[in-house]
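A.B. asks: Take a look at the following structure, please.
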Amino acid sequence: MSWKRDGFDSHVGEVGVLLADGSEPGPVYVDMGSGGHVPSFTDWWVYDGAVRRPLATTMRGRCACGWRGERIFPIDWQQVDRDDLDAYDTSGPEQDWESHLDEVAARAVPLPEDLAGLLRRVRERLDELVDDDPLAVVKAAGELEATVAFFGPLATRIVTSSEQLPLAQVAQVLGMTEQAAGSRLRHYEYMAL
């Protein structure tokens, strides 16, 4: 189970766990018995101490960007229903992650309200059209792609050549991780070629 918020794709949240000594365990590898690939898992519920797995005692919110929640919440393994894992209360870690995202959003550059409204209306209109007139949606998507193909590289050139902003600052202003911001800038630079 992971948490996402529109516009913050590189900030995926989930429940993280801690062992009794306060350390965060690595992935759990599960040998499925065939082939050379051994899958790994980091879902909170795999740290139940069964079959030589680590036993988590507490949980907290965590984000793909590296953020870890300060508050910790005990795990009562007697209350965990293996047939309905979503029934176990993980609202505390999720609320902490939501607060983290609120902080990320507060540091990010806001879209001008008129532009945000236009984009919202475009999404709503495309949603209305997609079942009845999918070709109109395909045509509109092409128009949007052409707009992005022009303005994305133009804005990227301006940001990377004249302002010389450090990538960490660009990432913060865009509300994403440095890796995601760098990837986005490279994507638009590549489009310009």
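The values are calculated or read from the model by the stated rules, or taken from the named source; none is laboratory data. Only a predicted model underlies this, so the values are computations on that prediction, with no experimental measurement involved. Glycine gets a Cβ as well: all are built from the backbone with ideal geometry, and neighbour counts include every protein chain shown. Quick note on the areas: whole protein, heavy atoms, side chains included, nothing else; ligands and nucleic acids left out. Shrake-Rupley method; radii C 1.70, N 1.55, O 1.52, S 1.80 Å.
A.B. asks: Answer yes or no: is there a residue in the stretch 147-159 that is outside any helix (DSSP H, G or I) and over 30 Å from Gly13 (Cβ atoms).
C.D. replies: Within the stretch 147-159, none of the residues are outside any helix (DSSP H, G or I) and over 30 Å from Gly13 (Cβ atoms).
A.B. asks: What are the residues in the stretch 67-81 that are open to solvent by 40 Å² or more (accessible area, probe 1.4 Å) and in contact (Cβ under 8 Å) with a residue 24 or more places away in the chain, if any?
C.D. replies: Result: Trp67, Arg68, Glu70, Arg71, Ile72, Trp77.
A.B. asks: Another one. Scan the stretch 82-110 for residues that are open to solvent by less than 90 Å² (accessible area, probe 1.4 Å), within 20 Å of Ser2 (Cβ to Cβ) and in a loop (DSSP other than H, G, I, E, B) and report the count.
C.D. replies: The total comes to 3.
Yes/no per residue for (1) touching a residue at least 60 places away in the same chain (Cβ under 8 Å); (2) closer than 11 Å to Pro93 by Cβ; (3) assigned to a loop (DSSP other than H, G, I, E, B); (4) open to solvent by less than 50 Å² (accessible area, probe 1.4 Å):
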{"site": "His11", "(1), (2), (3), (4)": "yes, no, yes, yes"}
{"site": "Val17", "(1), (2), (3), (4)": "no, yes, no, yes"}
{"site": "Asp21", "(1), (2), (3), (4)": "no, no, yes, no"}
{"site": "Gly26", "(1), (2), (3), (4)": "no, no, yes, yes"}
{"site": "Val38", "(1), (2), (3), (4)": "no, no, yes, no"}
{"site": "Trp45", "(1), (2), (3), (4)": "no, no, no, no"}
{"site": "Arg60", "(1), (2), (3), (4)": "no, yes, no, yes"}
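A.B. asks: Any idea which residue in the stretch 1-43 is modelled with the lowest pLDDT, counting only those that are small (Gly, Ala, Ser) and in contact with a Phe, Trp or Tyr (Cβ under 6 Å, 6 or more places away or on another chain)?
C.D. replies: Ser40
A.B. asks: Going residue by residue through the stretch 116-132, is there one that turns out to be open to solvent by less than 70 Å² (accessible area, probe 1.4 Å) and touching a residue at least 60 places away in the same chain (Cβ under 8 Å)?
C.D. replies: The answer is no, given that none of the residues of the stretch 116-132 is open to solvent by less than 70 Å² (accessible area, probe 1.4 Å) and touching a residue at least 60 places away in the same chain (Cβ under 8 Å).
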